[in-house]
Amino acid sequence: MQKSKTHNMVIAALLCAIGIVIPMFFPKIVIEPASFTLASHVPIFIAMFISPTIAAAVSLGTTLGFLVSGLPPIVVLRAFSHLLFAYVGSCYYHKHTEKMSKFSSITIWALVVSLIHGIGEFIVVTLFYFGGNVNENFYKNGFFVSVFVLVFLGTIIHSMVDFYISCFVSKPLKLIKTN
């Protein structure tokens, strides 16, 4: 039992580290005022495939990493909102693993998870938007374009792209034996 707890803790720590490093080095797609870092959610999706506990730990770990890195509060709170989609999505995934072998089922699951992801980030950015704490470009483009289209819909698309990257990356990882 102890080996399993240690093993899970190491996996969560490695995924947290990867989740913190990816935004530093991976390419960004910038559509002012929003930006999307390719593969930034991959460690969270991989954690979701492992367990709800690891998904929650990676979400919290990456949030803490962003906080201590001195990133703006809006970025930290957007990262914190990942806890919701990661934990809920992982719980559903593990309750219905038999369905998750079909492409259609996993795609619908990923879309629902991405919607939850988009709603979480939308709420965070909306609070900052109406609090007067966002970049001036948000106000130039207006609420609908900046927050609904770029943040909400952009997050859903970004999340789906990262989900498929996660599927591609995690396939070979499933073949690794840990005995």
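The values are calculated or read from the model by the stated rules, or taken from the named source; none is laboratory data. Predicted model, so just to flag it, every value in this text is computed and none were measured. Here the Cβ positions follow ideal geometry from the backbone for every residue, glycine too, while neighbour counts run over all protein chains shown. Quick note on the areas: whole protein, heavy atoms, side chains included, nothing else; ligands and nucleic acids left out. Shrake-Rupley method; radii C 1.70, N 1.55, O 1.52, S 1.80 Å.
Please give the net charge around residue 107, taking every other residue with its beta carbon less than 15 angstrom from that of residue 107, where Lys and Arg add +1 and Asp and Glu add -1. Intermediate results must be reported in sequence, preceding the final value.
Details: positive: 99, 102; negative: 162.
Residues close to residue 107 contribute a combined charge of +1.
Rg/Rh, computed from the Cα trace of the range 80-179 with Rh as the Kirkwood radius, has the value 1.10.
Suppose all protein chains stay in the model; what accessible area per residue would a 1.4 Å probe give for the range 19-60, in Å²? Each step should come with its number before you reach the end.
Details: 1750 Å² over 42 residues.
I get 42 Å² per residue for the range 19-60.
Along the axis of the charge dipole computed for the chain (Cβ charges of +1 for Lys and Arg, -1 for Asp and Glu, origin at the Cα centre), the listed residues 87, 6, 30 are led at the positive end by 6. Which pairs break 25 Å Cα to Cα here: 5/102; 5/95; 28/174; 28/140; 28/95; 5/171? Listed pairs above 25 Å: 5/102; 28/174; 28/95.
Put the Cα centre of the range 56-83 next to the Cα centre of the range 97-138 and the gap is 15 Å. Note on the range 37-179: dipole from Cβ charges, positive end direction compared against 116, 54, 132; the farthest Cα belongs to 54. Rounded to 0.05, the FRET efficiency of the residue 174 and residue 28 pair, given R0 = 30 Å and the Cβ-Cβ distance, is 0.55.
Compute, for the chain, the length of the dipole vector about the Cα centre, with Cβ point charges of +1 (Lys, Arg) and -1 (Asp, Glu) only. Units Debye, rounded to 20.
Values: 11 positive and 5 negative charges, 138 e Å.
About 660 debye.
List every DSSP H helix in the chain whose Cα atoms extend 27 Å or more along the helix's own long axis and whose mean Kyte-Doolittle hydropathy is at least 1.0. Could you put the intermediate results ahead of the total?
Working: long enough: 2-25 (35 Å, 1.12); 103-130 (39 Å, 1.79); 154-174 (29 Å, 0.70).
Going by DSSP H runs, the hits are 2-25, 103-130.
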